[in-house]
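Enquirer: Quick one: the structure is below, questions incoming.
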């Protein structure tokens, strides 16, 4: 179980201290699928990075299965079964897609298993297994490969930062189906930062983050209809 207790994060700029995250508290139960949505610049991605340890909070506490991980490194959090898919994934010249999947898994993966992970994210596996994870891949391709590496790991919590960014409609449809499958057949918890209705529809819970705070959080069946009603009436301010 993930618990955020009064998490804050601020940075210094030319005007002084700027609050990015302001006293956020929330709990994610084991095996649950949470979508965090809200306007651009509201703090969604920063919150995800705080959970992964990419950024360190300036206040509050993060607990994972009862253990305080607030000041724990990214590496140590990864060892606890927490994984993160970046909005703009890194590239690795000289490393093949198959090698990357095997590294993520922790041992050499048979070809059929590698192909299955790639198929789940909408890639024709035979065409990609031996390709290098470098600049020859498009932004959409590298994003899908990174998501496949998270699927190859034995995670307890997977965090995806706008997985739909830079991906074509056909591949997006494949990703939605993959997320559906993960939420139904695997025990890992998921946090997805997204604006996409189709991803929000398959979540267990939705949190709306804006101006550095959680404006609303609750079951998908409650929050999603409210969001759609606000959008349709052109009065959605996430306040």
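Where a number appears in this text, it was derived from the coordinates with a stated rule and is not lab data. Everything quoted here is computed from the prediction, not taken from an experiment. So basically every Cβ, Gly included, is an ideal-geometry build from the backbone, and we count neighbours across all protein chains shown.
Enquirer: Nearest 10 degrees is fine. How inclined is helix 220-232 to the longest principal axis of the chain, computing both from alpha carbons?
Expert: So the inclination is approximately 80 degrees.
Enquirer: Determine the shape class of the range 109-212: with a ≥ b ≥ c the square roots of the Cα gyration tensor eigenvalues, call it rounded for a/c under 1.5, and otherwise prolate if a/b is greater than b/c, oblate otherwise.
Expert: Prolate, since a/c reaches 1.5 and a/b exceeds b/c.
Enquirer: Let me understand the range 68-107 better: what is its radius of gyration from the alpha carbons, and its Dmax, in angstrom?
Expert: Both quantities, over Cα of the range 68-107: 12.6, 37 Å.
Enquirer: A further question follows. Diagonalise the Cα gyration tensor of the range 155-239 and give the resulting equivalent ellipsoid semi-axes, square root of 5 times each eigenvalue, largest first, whole Å.
Expert: 23, 16, 12
Enquirer: Multiply the residue separation of residue 111 and residue 74 by 0.36 nm, subtract the distance between their alpha-carbon atoms, and state the gained length in nm to one decimal. Walk me through the numbers before you get to the answer.
Expert: Numbers: separation 37, 0.36 × 37 = 13.32 nm, distance 2.92 nm.
Extra length from residue 111 to residue 74 when fully extended: 10.4 nm.
Enquirer: If you don't mind, there's one more thing I want to ask. By DSSP, what percent of the beta bridges with both residues in the chain are antiparallel, rounded to the nearest 5?
Expert: Antiparallel bridges: around 60 percent, rounded to the nearest 5.
Enquirer: If you don't mind, another one. Where a ≥ b ≥ c are the square roots of the eigenvalues of the C-alpha gyration tensor, would you call the chain rounded, which needs a/c under 1.5, or, failing that, prolate if a/b is larger than b/c, or oblate?
Expert: It comes out prolate by the Cα gyration axes.
Enquirer: Going by the alpha-carbon gyration tensor, a ≥ b ≥ c the square roots of its eigenvalues, is the range 1-98 rounded (a/c under 1.5) or, if a/c is not under 1.5, prolate (a/b greater than b/c) versus oblate?
Expert: Working: a/c = 1.66, a/b = 1.20, b/c = 1.39.
Note, shape of the range 1-98 comes out oblate.
Enquirer: Between helix 111-120 and the chain, what is the angle of the helix's C-alpha long axis to the longest principal axis, kept within 0 to 90° and rounded to the nearest 10?
Expert: 40
Enquirer: Using 7 Å Cα-to-Cβ label points, what is the residue 197/residue 136 separation (nm, one decimal)?
Expert: Going from the residue 197 label point to the residue 136 one covers 4.0 nm.
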